[in-house]
1. Could you go through segment 23-34 and let me know if any residue there is of a type in the set (S, T, N, Q) and either in a loop (DSSP other than H, G, I, E, B) or within 30 Å of Leu152 (Cα to Cα) (or both).
2. I'd like the full set of residues that are free of Cβ contacts under 8 Å to residues at least 12 places away in the same chain, within 33 Å of the chain's Cα centre (by Cα) and in a helix (DSSP H, G or I), limited to segment 94-117.
3. Only residues in segment 182-194 that are assigned to a loop (DSSP other than H, G, I, E, B) count as the first member; pair them with residues that are modelled with pLDDT of 95 or more and of a type in the set (S, T, N, Q), Cβ under 8 angstrom, at least 6 apart or cross-chain, and list the lot.
4. When the residues of segment 340-394 are narrowed to those that are among the hydroxyl-bearing types (Ser, Thr, Tyr) and closer than 15 Å to Ala324 by Cα, which ends up surrounded by the fewest Cβ atoms within 10 Å (Cβ to Cβ)?
5. How many residues, within segment 186-215, are surrounded by fewer than 17 Cβ atoms within 10 Å (Cβ to Cβ) and of a type in the set (Val, Ile, Thr)?
6. What is the residue count in segment 231-259 for residues that are under 11 Å from Met303 (Cα atoms) and not hydroxyl-bearing (Ser, Thr, Tyr)?
7. Given Glu65, Glu53, which one is in a helix (DSSP H, G or I) and either polar (S, T, N, Q) or at pLDDT 90 or above (or both)?
8. When you look at Ala39, is it in contact with a Pro (Cβ under 9 Å, 6 or more places away or on another chain) and either surrounded by fewer than 17 Cβ atoms within 10 Å (Cβ to Cβ) or at pLDDT below 90 (or both), yes or no?
Amino acid sequence: MKTVYVAMATDVYHSGHINIINEATKYGTVIVGVLTDEAIATYKRPPFLNTEERMKIASSFKGVERVVVQTTSDYTDILRELKPDYVVHGDDWRTGHLQVIRERVIEVLGEFGGELIEVPYSKHLSSDKLSRQLTSAVTTPNQRLAQLRKLLQLKPYIRAIDASNGLTGIIAENVRVMDNEKHMVKEFDAMWISSLCDSAFKGKPDIELVDLTSRINTINEIMEVTSKPIILDGDTGGKIDHFSFHVKTLERIGVSAVIIEDKTGLKQNSLFGTDVEQILDEPTDFAAKIVAGKRAQATRDFMIIARLESLIAGKSVEDAMMRAKIYIEAGADAVMIHSKEKTGEDIFAFMKQFREFSASTPIVVVPTTYSQFTEEELHSKGANIIIHANHLLRSSYPAMMKTAESILTHGRSKEASDELCMPIQQVLTFI
């Protein structure tokens, strides 16, 4: 009897999936391929149910004879292994970000004479849309809190982008592109709430002038319209006793991680480097702050990440390594290494030495000044979390300036509306 392969990458099943399986049974013995948590996490949110649970559900569908594991979003390996006579899929992937994967399926099927059968898509139903609605509806602080650690286990590396208000949060939550070379969808995994960006959108200098209460208001604005994990820029963390309470507050509202830097005194933005005075904290004093924070947290999910400012202050990689070892011993869940140098050589030297010290402790990088390196290249050197820290801020300001200048120049807004602005109807669709 002929074999039919159906891939499933969801834990939100609906009548459309049943319809596809029913169609598949008309052509032969049905094999369902359930994508692993890791495979799904490469292009959309991790599933609520794990691989084993989803396999049990798939095996319970009438007409399914066998359930197998599909380890990647690309069908190539599993199709060459099973050599099915048919692959059955909804026709919704003829356009959009899955089109490249469809073309690859047709190509591989052609190697052994297989055929693609496409079922008319249930237009009123979308597992992706339902999943996003469900995620938004059921995301609790505890669920959001745990996501960052889960993603670190599922993905080779995590990419984050700055979010400073509800609008930028919506962008970070929803923007997706297709990587044609890897046949996969790419999106941001987390949001970075930067003190620089938060201050700038409020029109204030980045000197820890915006207090925690105001920062939490920003966090709440973003949380109301998003579901992805949040990494907070905690500056120096403040006084030890205060930091303990800050940790409790951030953990309670669902922030996944806070990054604090080992500097003291009035904050000077790190990208000024040695052009301004950068005073490093005593390693033992900063370690005590980490210890106090770890004692204050109530769950194992919350992460305290130690930001190493040695390279910013003109110190050596060895100084950064000395501090990193002390901070890890104090309980830091990860380290962030920062530099204003454009070559990236000092960052790479640190990561090489740190990986010899610890193979598993996550390393965070913020490649603002060495942006020529791809995420893959940074990961190959040892990075686990890559933060694009201020690009939505930096791109929004010149765009708004250009619009304002256009209105002043022409004495009307027509040119700005026609050339620089999205239609107001489109604005109404994403809020």
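The values are calculated or read from the model by the stated rules, or taken from the named source; none is laboratory data. As the structure is a computational prediction, the values presented were derived from the model and not from experiment. Here the Cβ is made from the backbone with ideal geometry for all residues, glycine too, and neighbour counts use every protein chain on show.
1. Of all residues in segment 23-34, those of a type in the set (S, T, N, Q) come to 25, 29.
Okay, now just the ones that are also either in a loop (DSSP other than H, G, I, E, B) or within 30 Å of Leu152 (Cα to Cα) (or both), so none.
No: zero hits.
2. Listed by number, the residues that qualify are Glu103, Ile106, Glu107.
3. Cβ pairs passing all conditions: Ser194/Ser164; Ser194/Asn390.
4. Taking segment 340-394 as the starting set, the residues that turn out to be among the hydroxyl-bearing types (Ser, Thr, Tyr) are 343, 358, 360-361, 368-371, 374, 380.
Those left that are additionally closer than 15 Å to Ala324 by Cα: 358, 360-361.
On the way: Ser358: 13, Ser360: 6, Thr361: 15.
If we take residues in segment 340-394 being among the hydroxyl-bearing types (Ser, Thr, Tyr) and closer than 15 Å to Ala324 by Cα, then Ser360 is surrounded by the fewest Cβ atoms within 10 Å (Cβ to Cβ).
5. 2
6. First pass over segment 231-259, keeping only residues under 11 Å from Met303 (Cα atoms): 231-232, 247, 250-251, 255-259.
Imposing the further condition that a residue be not hydroxyl-bearing (Ser, Thr, Tyr) reduces the set to 231-232, 247, 250-251, 255, 257-259.
Qualifying residue count, segment 231-259: 9.
7. Details: Glu65 fails: in a helix (DSSP H, G or I).
Of the residues listed, the single one that is in a helix (DSSP H, G or I) and either polar (S, T, N, Q) or at pLDDT 90 or above (or both) is Glu53.
8. Details: in contact with a Pro (Cβ under 9 Å, 6 or more places away or on another chain): no; either surrounded by fewer than 17 Cβ atoms within 10 Å (Cβ to Cβ) or at pLDDT below 90 (or both): yes.
In short, no.
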